[in-house]
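The structure that follows is given in the form of C-alpha coordinates.
The values are calculated or read from the model by the stated rules, or taken from the named source; none is laboratory data. On a predicted model such as this, the values are computed, not experimentally measured, just so you know. Note that each Cβ is placed from the backbone with ideal geometry, even for glycine, and that neighbours are counted across all protein chains shown. These area figures cover heavy atoms from the full protein model, side chains too; ligands, DNA and RNA do not enter into them. Shrake-Rupley method; radii C 1.70, N 1.55, O 1.52, S 1.80 Å.
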Amino acid sequence: MTITAYADADKDVVIPSDLDKKIVTNIGSRAFYMCRDLECIEIPSSVVNIEGFAFMGCNGLKNVMIHGGVTHIGIQAFMGCGNLEHINLPEGVVEIEGSAFDGCSSLTKLEVDNNNKNYASDDGILYNKDKTMLLCCMGRKTGNAIIPEGITDIKEGAFWGCGSLESISIPKSVTSIGGDAFFGCTGLENLEVDTGIDYTVSYRNNINAGTATVIVTGRGNYEGTAVKNFKITVKKGTYHTLGSYKYQITNASEASVVGMNNVKTTKLKTPKTVKIATQTFRVTAIGKNAFKKNKKITSVVISDNVKTIGASAFAGCTKLGTITIKSTKLKKVGKNALKGIKANAMIKVPAKKLPTYKKLFKNKGQGKKVRITK
(Lines give C-alpha, C1' and ligand atoms only; values in the text may rest on other atoms or scores of the structure.)
Protein backbone atom coordinates (compact mmCIF):
# COMPACT_ATOMS: atom_id res chain seq x y z
CA MET A 1 0.00 0.00 0.00
CA THR A 2 1.23 3.48 -0.90
CA ILE A 3 0.55 6.64 1.11
CA THR A 4 -0.15 9.29 -1.52
CA ALA A 5 -1.33 12.12 0.73
CA TYR A 6 -1.37 12.18 4.52
CA ALA A 7 -4.19 14.48 5.56
CA ASP A 8 -3.41 14.54 9.29
CA ALA A 9 0.20 15.75 9.02
CA ASP A 10 0.22 18.04 12.03
CA LYS A 11 3.08 18.37 14.53
CA ASP A 12 3.99 14.73 15.25
CA VAL A 13 3.14 11.77 13.02
CA VAL A 14 3.65 8.06 13.56
CA ILE A 15 2.74 6.25 10.36
CA PRO A 16 0.91 3.03 11.25
CA SER A 17 2.16 -0.10 9.51
CA ASP A 18 -1.46 -1.11 8.88
CA LEU A 19 -3.96 1.26 7.28
CA ASP A 20 -7.41 -0.11 6.44
CA LYS A 21 -5.97 -3.61 6.94
CA LYS A 22 -3.39 -3.04 4.20
CA ILE A 23 0.33 -3.09 4.85
CA VAL A 24 1.99 0.29 4.25
CA THR A 25 5.10 -0.35 2.13
CA ASN A 26 5.53 2.89 0.24
CA ILE A 27 5.50 6.64 0.97
CA GLY A 28 4.51 8.15 -2.34
CA SER A 29 5.87 11.11 -4.24
CA ARG A 30 4.85 14.38 -2.53
CA ALA A 31 2.89 12.47 0.13
CA PHE A 32 3.83 15.08 2.75
CA TYR A 33 4.74 17.85 0.27
CA MET A 34 4.82 21.29 1.95
CA CYS A 35 3.38 20.01 5.27
CA ARG A 36 4.88 22.95 7.13
CA ASP A 37 3.39 22.06 10.55
CA LEU A 38 5.03 18.64 10.59
CA GLU A 39 7.93 18.50 13.10
CA CYS A 40 8.57 14.80 13.80
CA ILE A 41 7.75 11.63 11.91
CA GLU A 42 8.26 7.94 12.63
CA ILE A 43 8.33 5.56 9.67
CA PRO A 44 7.49 1.92 10.43
CA SER A 45 9.57 -1.11 9.40
CA SER A 46 6.87 -2.14 6.89
CA VAL A 47 7.86 0.79 4.64
CA VAL A 48 10.56 -0.13 2.09
CA ASN A 49 10.42 2.88 -0.23
CA ILE A 50 10.37 6.66 0.30
CA GLU A 51 9.66 8.14 -3.13
CA GLY A 52 11.13 11.33 -4.55
CA PHE A 53 9.78 14.64 -3.19
CA ALA A 54 7.93 12.78 -0.39
CA PHE A 55 8.77 15.39 2.28
CA MET A 56 9.88 18.23 0.02
CA GLY A 57 9.36 21.67 1.55
CA CYS A 58 8.47 20.45 5.07
CA ASN A 59 10.21 23.43 6.63
CA GLY A 60 9.11 22.61 10.17
CA LEU A 61 10.37 19.03 10.11
CA LYS A 62 13.11 18.50 12.75
CA ASN A 63 13.34 14.77 13.40
CA VAL A 64 12.85 11.67 11.22
CA MET A 65 12.99 8.19 12.74
CA ILE A 66 13.21 5.42 10.14
CA HIS A 67 12.77 1.84 11.26
CA GLY A 68 14.55 -1.05 9.60
CA GLY A 69 12.56 -1.71 6.44
CA VAL A 70 13.50 1.20 4.18
CA THR A 71 15.80 0.31 1.27
CA HIS A 72 15.34 3.31 -1.06
CA ILE A 73 15.13 7.09 -0.60
CA GLY A 74 14.12 8.93 -3.77
CA ILE A 75 15.36 12.07 -5.46
CA GLN A 76 14.90 15.26 -3.41
CA ALA A 77 12.84 13.30 -0.87
CA PHE A 78 13.72 15.78 1.91
CA MET A 79 14.72 18.75 -0.22
CA GLY A 80 14.13 22.12 1.43
CA CYS A 81 13.63 20.72 4.95
CA GLY A 82 15.72 23.56 6.33
CA ASN A 83 15.09 22.77 10.00
CA LEU A 84 15.69 19.02 9.80
CA GLU A 85 18.27 18.23 12.48
CA HIS A 86 18.25 14.44 12.80
CA ILE A 87 17.64 11.46 10.53
CA ASN A 88 18.81 7.87 10.83
CA LEU A 89 19.48 5.52 7.92
CA PRO A 90 18.94 1.85 8.81
CA GLU A 91 21.00 -1.16 7.80
CA GLY A 92 18.94 -2.03 4.74
CA VAL A 93 19.18 1.28 2.81
CA VAL A 94 20.84 0.45 -0.53
CA GLU A 95 20.04 3.56 -2.58
CA ILE A 96 19.82 7.28 -1.81
CA GLU A 97 19.08 9.17 -5.00
CA GLY A 98 20.79 12.45 -5.84
CA SER A 99 19.81 15.61 -3.99
CA ALA A 100 17.76 13.69 -1.40
CA PHE A 101 18.84 16.15 1.32
CA ASP A 102 19.42 19.33 -0.70
CA GLY A 103 18.72 22.42 1.38
CA CYS A 104 18.71 20.56 4.74
CA SER A 105 20.98 23.23 6.18
CA SER A 106 20.42 22.22 9.84
CA LEU A 107 21.13 18.51 9.39
CA THR A 108 23.89 18.01 11.98
CA LYS A 109 22.94 14.49 13.08
CA LEU A 110 22.82 12.14 10.11
CA GLU A 111 23.38 8.62 11.41
CA VAL A 112 23.96 5.43 9.40
CA ASP A 113 23.66 1.98 10.94
CA ASN A 114 27.15 0.46 11.25
CA ASN A 115 25.97 -2.68 9.43
CA ASN A 116 24.86 -0.78 6.32
CA LYS A 117 26.82 -2.12 3.34
CA ASN A 118 26.50 0.96 1.12
CA TYR A 119 26.79 4.05 3.31
CA ALA A 120 28.70 5.37 6.31
CA SER A 121 28.52 8.51 8.44
CA ASP A 122 31.03 10.39 10.54
CA ASP A 123 30.34 13.59 12.48
CA GLY A 124 27.05 14.04 10.63
CA ILE A 125 28.61 13.68 7.17
CA LEU A 126 27.29 11.03 4.77
CA TYR A 127 29.81 8.98 2.76
CA ASN A 128 29.79 5.85 0.67
CA LYS A 129 30.88 2.76 2.62
CA ASP A 130 34.62 3.04 1.95
CA LYS A 131 34.57 6.82 2.47
CA THR A 132 35.87 7.78 -0.95
CA MET A 133 32.74 9.77 -1.85
CA LEU A 134 31.35 12.66 0.19
CA LEU A 135 27.60 12.55 -0.39
CA CYS A 136 26.08 15.01 2.06
CA CYS A 137 27.40 17.58 4.52
CA MET A 138 24.45 19.91 5.10
CA GLY A 139 24.55 21.02 8.72
CA ARG A 140 27.94 22.71 8.63
CA LYS A 141 27.69 25.31 11.40
CA THR A 142 31.36 26.30 11.59
CA GLY A 143 32.94 28.72 9.18
CA ASN A 144 35.62 26.37 7.85
CA ALA A 145 35.54 22.84 6.44
CA ILE A 146 38.43 20.53 5.65
CA ILE A 147 37.62 17.53 3.48
CA PRO A 148 39.67 14.52 4.59
CA GLU A 149 42.39 13.05 2.38
CA GLY A 150 41.19 9.95 0.54
CA ILE A 151 37.94 11.46 -0.72
CA THR A 152 37.90 11.22 -4.52
CA ASP A 153 34.38 12.49 -5.28
CA ILE A 154 32.23 15.27 -3.90
CA LYS A 155 28.74 14.47 -5.13
CA GLU A 156 26.22 16.94 -6.54
CA GLY A 157 24.54 19.14 -3.94
CA ALA A 158 26.83 17.88 -1.15
CA PHE A 159 27.03 21.25 0.68
CA TRP A 160 23.77 22.70 -0.73
CA GLY A 161 22.50 25.55 1.45
CA CYS A 162 25.39 25.68 3.96
CA GLY A 163 25.09 29.44 4.32
CA SER A 164 27.49 29.70 7.28
CA LEU A 165 30.35 28.00 5.44
CA GLU A 166 33.11 30.57 4.81
CA SER A 167 36.02 28.51 3.51
CA ILE A 168 36.72 24.97 2.40
CA SER A 169 39.90 23.06 1.69
CA ILE A 170 39.77 20.24 -0.85
CA PRO A 171 42.61 17.67 -0.83
CA LYS A 172 44.48 16.55 -3.93
CA SER A 173 42.81 13.12 -3.74
CA VAL A 174 39.54 14.71 -5.03
CA THR A 175 39.14 14.20 -8.76
CA SER A 176 35.45 15.05 -9.22
CA ILE A 177 33.07 17.72 -7.85
CA GLY A 178 29.41 17.32 -8.79
CA GLY A 179 27.03 20.02 -10.01
CA ASP A 180 25.56 22.38 -7.39
CA ALA A 181 27.92 20.93 -4.77
CA PHE A 182 28.16 24.35 -3.09
CA PHE A 183 24.87 25.88 -4.26
CA GLY A 184 23.45 28.31 -1.71
CA CYS A 185 26.71 28.59 0.27
CA THR A 186 26.23 32.35 0.37
CA GLY A 187 28.98 32.94 2.95
CA LEU A 188 31.65 30.97 1.14
CA GLU A 189 34.51 33.31 0.25
CA ASN A 190 37.45 30.97 -0.22
CA LEU A 191 37.68 27.57 -1.84
CA GLU A 192 41.16 26.09 -1.96
CA VAL A 193 42.04 23.01 -3.98
CA ASP A 194 45.30 21.18 -3.29
CA THR A 195 46.52 19.98 -6.68
CA GLY A 196 49.98 18.87 -5.57
CA ILE A 197 53.34 20.41 -4.78
CA ASP A 198 53.48 22.85 -7.70
CA TYR A 199 50.38 25.06 -7.42
CA THR A 200 47.07 25.70 -5.66
CA VAL A 201 43.69 26.62 -7.16
CA SER A 202 41.17 28.92 -5.49
CA TYR A 203 37.89 30.49 -6.61
CA ARG A 204 35.80 33.62 -6.12
CA ASN A 205 32.07 34.13 -6.76
CA ASN A 206 31.71 30.53 -7.91
CA ILE A 207 28.61 29.58 -5.93
CA ASN A 208 25.73 31.06 -7.93
CA ALA A 209 25.16 31.62 -11.62
CA GLY A 210 27.12 34.52 -13.08
CA THR A 211 30.77 35.38 -13.60
CA ALA A 212 33.22 33.50 -11.40
CA THR A 213 36.99 33.67 -11.05
CA VAL A 214 39.62 30.96 -10.77
CA ILE A 215 43.09 31.78 -9.42
CA VAL A 216 46.06 29.45 -9.97
CA THR A 217 49.08 30.27 -7.77
CA GLY A 218 52.50 28.66 -7.97
CA ARG A 219 54.15 27.33 -4.83
CA GLY A 220 57.24 25.45 -3.73
CA ASN A 221 59.78 25.85 -6.55
CA TYR A 222 57.31 27.91 -8.59
CA GLU A 223 55.79 31.35 -8.36
CA GLY A 224 53.33 33.52 -10.25
CA THR A 225 49.55 33.75 -10.46
CA ALA A 226 47.07 33.22 -13.30
CA VAL A 227 43.54 34.64 -13.02
CA LYS A 228 40.69 33.59 -15.31
CA ASN A 229 36.99 34.48 -15.34
CA PHE A 230 34.37 31.93 -16.37
CA LYS A 231 30.58 31.71 -16.63
CA ILE A 232 28.34 29.63 -14.36
CA THR A 233 24.84 28.94 -15.67
CA VAL A 234 21.71 27.68 -13.91
CA LYS A 235 21.40 23.90 -14.23
CA LYS A 236 18.40 22.26 -15.89
CA GLY A 237 16.15 20.43 -13.43
CA THR A 238 17.20 22.42 -10.36
CA TYR A 239 14.71 24.04 -7.99
CA HIS A 240 14.77 27.67 -6.86
CA THR A 241 12.65 29.78 -4.52
CA LEU A 242 12.02 33.45 -5.34
CA GLY A 243 9.32 35.63 -3.88
CA SER A 244 6.08 33.72 -3.39
CA TYR A 245 6.89 30.80 -5.69
CA LYS A 246 9.11 27.78 -6.14
CA TYR A 247 10.42 27.08 -9.66
CA GLN A 248 12.05 24.27 -11.57
CA ILE A 249 14.35 25.03 -14.51
CA THR A 250 13.08 23.11 -17.53
CA ASN A 251 15.60 24.23 -20.16
CA ALA A 252 18.06 27.02 -20.96
CA SER A 253 15.32 29.66 -21.23
CA GLU A 254 12.21 28.31 -19.48
CA ALA A 255 11.01 27.54 -15.95
CA SER A 256 7.97 25.93 -14.37
CA VAL A 257 6.11 27.05 -11.23
CA VAL A 258 6.08 23.98 -8.95
CA GLY A 259 4.86 25.34 -5.62
CA MET A 260 4.42 28.23 -3.22
CA ASN A 261 6.78 29.86 -0.77
CA ASN A 262 4.27 32.15 0.93
CA VAL A 263 1.56 29.98 2.49
CA LYS A 264 -0.57 33.01 3.40
CA THR A 265 -1.08 34.10 -0.20
CA THR A 266 -4.71 33.96 -1.34
CA LYS A 267 -4.43 35.59 -4.76
CA LEU A 268 -1.91 34.10 -7.18
CA LYS A 269 -0.46 35.76 -10.25
CA THR A 270 2.25 33.80 -11.99
CA PRO A 271 4.98 36.01 -13.47
CA LYS A 272 5.86 36.12 -17.16
CA THR A 273 9.54 35.71 -16.36
CA VAL A 274 11.75 34.94 -13.39
CA LYS A 275 15.35 36.04 -12.90
CA ILE A 276 17.62 33.55 -11.18
CA ALA A 277 21.08 34.95 -10.52
CA THR A 278 21.96 36.65 -13.83
CA GLN A 279 19.67 34.56 -16.06
CA THR A 280 16.07 35.33 -17.04
CA PHE A 281 13.66 32.47 -17.74
CA ARG A 282 10.18 32.56 -19.26
CA VAL A 283 7.61 30.93 -16.98
CA THR A 284 5.94 28.50 -19.39
CA ALA A 285 4.31 25.89 -17.15
CA ILE A 286 2.39 25.25 -13.94
CA GLY A 287 3.84 21.98 -12.64
CA LYS A 288 2.11 18.78 -11.60
CA ASN A 289 0.55 19.12 -8.11
CA ALA A 290 1.95 22.66 -7.90
CA PHE A 291 -0.84 24.08 -5.70
CA LYS A 292 -2.61 20.86 -4.77
CA LYS A 293 -4.76 21.00 -1.62
CA ASN A 294 -4.06 24.67 -1.00
CA LYS A 295 -7.06 25.75 1.06
CA LYS A 296 -6.36 29.49 0.95
CA ILE A 297 -6.16 30.33 -2.75
CA THR A 298 -9.23 32.24 -3.95
CA SER A 299 -8.08 33.47 -7.36
CA VAL A 300 -5.37 32.77 -9.92
CA VAL A 301 -4.04 34.77 -12.86
CA ILE A 302 -1.98 32.70 -15.30
CA SER A 303 0.51 34.76 -17.29
CA ASP A 304 1.03 35.17 -21.03
CA ASN A 305 3.85 32.65 -21.44
CA VAL A 306 2.22 29.58 -19.90
CA LYS A 307 1.84 26.65 -22.29
CA THR A 308 1.09 23.82 -19.86
CA ILE A 309 -0.93 23.29 -16.69
CA GLY A 310 0.13 20.03 -15.04
CA ALA A 311 -2.02 17.22 -13.66
CA SER A 312 -3.72 18.05 -10.33
CA ALA A 313 -2.12 21.52 -10.40
CA PHE A 314 -5.08 23.07 -8.55
CA ALA A 315 -6.76 19.89 -7.27
CA GLY A 316 -8.32 20.33 -3.86
CA CYS A 317 -8.14 24.13 -3.93
CA THR A 318 -11.65 24.32 -2.50
CA LYS A 319 -11.79 28.14 -2.24
CA LEU A 320 -10.52 28.77 -5.75
CA GLY A 321 -13.34 30.70 -7.44
CA THR A 322 -11.68 32.60 -10.29
CA ILE A 323 -9.02 31.49 -12.77
CA THR A 324 -7.96 34.09 -15.33
CA ILE A 325 -5.96 32.81 -18.29
CA LYS A 326 -3.91 35.57 -19.94
CA SER A 327 -1.97 33.19 -22.13
CA THR A 328 -2.98 32.49 -25.72
CA LYS A 329 -0.26 29.80 -25.94
CA LEU A 330 -1.87 27.20 -23.68
CA LYS A 331 -1.64 23.75 -25.31
CA LYS A 332 -2.16 21.23 -22.51
CA VAL A 333 -4.13 20.94 -19.27
CA GLY A 334 -3.35 17.81 -17.24
CA LYS A 335 -5.70 15.27 -15.72
CA ASN A 336 -7.68 16.50 -12.68
CA ALA A 337 -5.98 19.89 -12.88
CA LEU A 338 -9.18 21.52 -11.56
CA LYS A 339 -10.61 18.71 -9.45
CA GLY A 340 -12.21 20.01 -6.27
CA ILE A 341 -12.09 23.74 -7.03
CA LYS A 342 -15.08 25.86 -5.99
CA ALA A 343 -18.32 24.43 -7.39
CA ASN A 344 -19.38 27.69 -9.08
CA ALA A 345 -15.89 28.80 -10.12
CA MET A 346 -15.32 30.88 -13.26
CA ILE A 347 -12.51 30.40 -15.78
CA LYS A 348 -11.88 33.56 -17.80
CA VAL A 349 -10.02 33.11 -21.09
CA PRO A 350 -8.98 35.35 -24.03
CA ALA A 351 -12.00 35.96 -26.28
CA LYS A 352 -10.34 34.61 -29.42
CA LYS A 353 -9.45 31.39 -27.59
CA LEU A 354 -12.85 30.71 -26.03
CA PRO A 355 -13.91 27.80 -28.33
CA THR A 356 -10.44 26.21 -28.21
CA TYR A 357 -10.04 26.55 -24.45
CA LYS A 358 -13.53 25.20 -23.75
CA LYS A 359 -12.36 21.96 -25.37
CA LEU A 360 -8.97 22.13 -23.65
CA PHE A 361 -10.51 22.45 -20.17
CA LYS A 362 -13.19 19.82 -20.73
CA ASN A 363 -13.25 17.03 -18.11
CA LYS A 364 -10.33 18.29 -16.05
CA GLY A 365 -12.06 17.40 -12.80
CA GLN A 366 -14.13 20.57 -12.27
CA GLY A 367 -17.83 20.43 -11.40
CA LYS A 368 -20.59 20.91 -13.94
CA LYS A 369 -21.40 24.42 -12.68
CA VAL A 370 -17.91 25.76 -13.41
CA ARG A 371 -18.16 28.26 -16.27
CA ILE A 372 -15.62 29.04 -18.97
CA THR A 373 -16.12 32.55 -20.31
CA LYS A 374 -14.26 35.34 -22.09
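Within segment 42-57, take every residue that is of a type outside the set (A, V, I, L, M, F, W, C) and either open to solvent by 30 Å² or more (accessible area, probe 1.4 Å) or not in a loop (DSSP other than H, G, I, E, B) (or both) and give me the one that is farthest from residue 240 (Cα to Cα).
At the first step, the residues of segment 42-57 found to be of a type outside the set (A, V, I, L, M, F, W, C) are 42, 44-46, 49, 51-52, 57.
If we keep only those that are either open to solvent by 30 Å² or more (accessible area, probe 1.4 Å) or not in a loop (DSSP other than H, G, I, E, B) (or both) too, we end up with 42, 45, 49, 51.
Values: 42: 28, 45: 33, 49: 26, 51: 21 Å.
Per the stated criteria, the residue is 45.
From the set of residues in segment 128-146 that are more than 23 Å from residue 86 (Cβ to Cβ) and modelled with pLDDT of 85 or more, which is least open to solvent (accessible area, probe 1.4 Å)?
132
Based on this model, can you work out whether residue 88 counts as part of a loop (DSSP other than H, G, I, E, B) and surrounded by fewer than 22 Cβ atoms within 10 Å (Cβ to Cβ)? If you could, list the steps in order and put the result at the bottom.
Details: part of a loop (DSSP other than H, G, I, E, B): no; surrounded by fewer than 22 Cβ atoms within 10 Å (Cβ to Cβ): yes.
So residue 88 does not fit the description; no.
Another question, if that's okay. Say whether the condition of being surrounded by fewer than 19 Cβ atoms within 10 Å (Cβ to Cβ), touching an Asp or Glu at 6+ places or on another chain (Cβ under 9 Å) and at negative phi is met by at least one residue in segment 258-273.
Within segment 258-273, one or more residues are surrounded by fewer than 19 Cβ atoms within 10 Å (Cβ to Cβ), touching an Asp or Glu at 6+ places or on another chain (Cβ under 9 Å) and at negative phi.
Mind checking which residues of segment 316-335 are crowded, with 19+ Cβ neighbours inside 10 Å and in a loop (DSSP other than H, G, I, E, B)?
Result: 317, 320, 327, 330, 334.
Tell me, yes or no, whether segment 34-41 has at least one residue that is closer than 19 Å to residue 95 by Cβ, open to solvent by 40 Å² or more (accessible area, probe 1.4 Å), among the acidic types (Asp, Glu) and modelled with pLDDT of 85 or more. Steps first, please.
Step one: filter segment 34-41 for residues closer than 19 Å to residue 95 by Cβ, giving none.
Within segment 34-41, not a single residue is closer than 19 Å to residue 95 by Cβ, open to solvent by 40 Å² or more (accessible area, probe 1.4 Å), among the acidic types (Asp, Glu) and modelled with pLDDT of 85 or more.
Return the residue satisfying two criteria in turn: it lies in segment 154-204 and is crowded, with 21+ Cβ neighbours inside 10 Å and among the aromatic types (Phe, Trp, Tyr), and of such residues it is farthest from residue 219 (Cα to Cα).
Among those residues, the one meeting the criterion is 160.
Still on this structure, please answer the following. For residues that are open to solvent by 30 Å² or more (accessible area, probe 1.4 Å) and under 21 Å from residue 174 (Cβ atoms), tally how many sit in segment 215-245.
Adding up the residues that qualify gives 9.
Would you mention how many residues in segment 286-307 are within 17 Å of the chain's Cα centre (by Cα) and open to solvent by less than 70 Å² (accessible area, probe 1.4 Å)?
The total comes to 5.
The rows are residues; the columns are (1) surrounded by fewer than 22 Cβ atoms within 10 Å (Cβ to Cβ); (2) under 20 Å from the mean Cα position of the chain (by Cα); (3) part of a loop (DSSP other than H, G, I, E, B).
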{"residue": "59", "(1), (2), (3)": "yes, yes, yes"}
{"residue": "69", "(1), (2), (3)": "yes, no, yes"}
{"residue": "81", "(1), (2), (3)": "no, yes, yes"}
{"residue": "92", "(1), (2), (3)": "yes, no, yes"}
{"residue": "98", "(1), (2), (3)": "yes, yes, yes"}
{"residue": "101", "(1), (2), (3)": "no, yes, yes"}
{"residue": "107", "(1), (2), (3)": "no, yes, yes"}
{"residue": "115", "(1), (2), (3)": "yes, no, yes"}
{"residue": "120", "(1), (2), (3)": "yes, no, no"}
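Which residues, counting only those in segment 336-374, are open to solvent by less than 70 Å² (accessible area, probe 1.4 Å) and not in a loop (DSSP other than H, G, I, E, B)? Write out each step before concluding.
Of all residues in segment 336-374, those open to solvent by less than 70 Å² (accessible area, probe 1.4 Å) come to 336-338, 340-341, 343, 345-347, 349-351, 353-354, 357, 360-361, 364-367, 370, 372-373.
Matches in segment 336-374: 346, 347, 351, 353, 354, 357, 360, 372, 373.
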